Amino acid sequence: MALPGTLLLLLIVVTALLIGVLVLRPGVTATQGGKILGFFVLFLLPLICAGMGTTYHIDRSKRTEFCLSCHEMEPYGKSLLVDDPAHLAAAHFQNHRVPADEACYTCHTNYAMFGGFRAKMHGLKHVYVHYLGTPPAPEAIRLYDPFNNRECLHCHLGARSFEEGAVHTADPDLLPAAKANKISCLSSGCHETVHQVADLNKVKFWKGTPDAQRTTP
Amino acid sequence: MLSAQPLERRLQLAGSLLILGLLIEALCVVWTRPIAFVVFAGFGGILLAAGILVYLYSLVSARVAPSKKK
């Protein structure tokens, strides 16, 4: 377990032990010092534990291992190791164009206002479908909304390779249209090969660094 | 053992709810499945909130001894 998890666990245990003392000896709250202790132990510390716990879970839900821990997502994890630079997701993951530890979240979150909240709501829907619904086959999984160029431009906008790339500048109308989301980066004949999980049996895989192997199935 | 004093009994109830909530929170930190957050927020969060509310209620409902008039 990572350090934040261990520290949170330690705080929870200490808080529970202090509460246990008050439950067994509630009489100590009769004194002024006891009242202050009661306020800390029965109000402040549980609030801090709840806040830290929420932050911990939200941070953990951004991690690549977390997304790939459901078996429906395993092929998507494997697609990150395809040995072909034309595969967009694999090229981004293997070359650390996205943080390897948060590869899924970096591309699939929403960089608009309340985007992180919307991404979490989608995540809760995934959990519901996984446990109480009928999950579709991995190759039948579709995005809720068409992929918005905004998510690509969050990193690429202003980058020299993006703004001055030969293919991007060949047609002067291309970049303005892509920036206005009028044409999609992914489905306009440009970067169409993304995960392609239905074709994983036809491709070669990169063995990967130990770090890449740790984050993918 | 439950105290005979109503205030202390409420504090014990609040403490018990909080311990249960913290126990669930601790389990969810160790449990790495995606449903852990749902259990953390759904069960642990409700127990923690209930414990804190019972504690606050015990404070506002505590009877204070009337002050002596001069």
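Of note:
- Using C-alpha pairs below 8 Å separated by at least 6 residues, the relative contact order for the stretch A:1-74 is 29 percent.
- Summarising the amide proton neighbourhood of A:Val82: residues at separation of 5 or more, or on other chains, whose placed amide H is nearer than 5 Å comprise A:Trp206.
- The stretch A:49-54 - phi-based ³J(HN,Hα) in whole Hz, Karplus 6.51/-1.76/1.60, Gly and Pro as x: 4, 5, x, 5, x, 4
- Whole-number D in µm² s⁻¹ for the stretch A:1-112, Kirkwood Cα-pair radius fed into Stokes-Einstein, 4 °C, 1.567 mPa s: 75 µm²/s
- Cysteines without a disulfide-compatible neighbour (Cβ-Cβ under 4.7 Å), chain A: A:Cys49, A:Cys70, A:Cys107, A:Cys152, A:Cys155, A:Cys185, A:Cys190
- A simple rule links phi to the HN-Hα coupling: the Karplus curve 6.51 cos²θ - 1.76 cosθ + 1.60 with θ = phi - 60°, which for the stretch A:11-28 gives 4, 4, 5, 4, 4, 4, 5, 5, 5, x, 4, 5, 5, 6, 10, x, x, 5 Hz, with x for Gly and Pro.
- Using C-alpha pairs under 8 Å with a sequence gap of at least 6, the mean separation divided by the residue count of chain A gives a relative contact order of 25 percent.
- Eigenvalues of the alpha-carbon gyration tensor of the protein assembly as shown, scaled by 5 and square-rooted, set the equivalent ellipsoid semi-axes at 52, 20, 16 angstrom, largest first.
- Using just its DSSP H runs of length 4 or more, each adding -39500 (n - 2.57), chain A gives a mean residue ellipticity at 222 nm of -15000 deg cm²/dmol after division by all residues.
- Here the simple spin-label model places points 7 Å from the Cα toward Cβ, and for B:Leu7 and A:Ala170 these points are separated by 8.1 nm.
- Excluding exposed DSSP-loop trypsin sites (Lys or Arg not before Pro) (at most 11 other C-beta within 10 Å), longest clean stretch of chain A: A:1-141
- Principal axis extents of the Cα atoms in the stretch A:143-202, from largest to smallest and rounded to whole angstrom, are 37, 26, 19.
- Lys, Arg +1 and Asp, Glu -1 on Cβ, resulting dipole of the protein assembly as shown about Cα centre, debye, nearest 20: 1880 debye
- In plain terms, the C-alpha convex hull of chain B casts an average shadow of 6.0 nm² when viewed from every direction.
- Total lysine pairs in the protein assembly as shown at Cα distances under 20 Å, for residues eight or more apart or on different chains: 6.
- Annotation: extensible slack from A:Ser161 through A:Ile48 equals 36.2 nm (criterion: 0.36 nm per residue apart, minus Cα-Cα distance).
Each value in this text was obtained by applying a stated rule to the coordinates, not by laboratory testing. Just so you know, these numbers come straight off a predicted model, no measurement behind them. Note: ideal-geometry Cβ built from the backbone for every residue, glycine included; neighbour counts use all protein chains shown.
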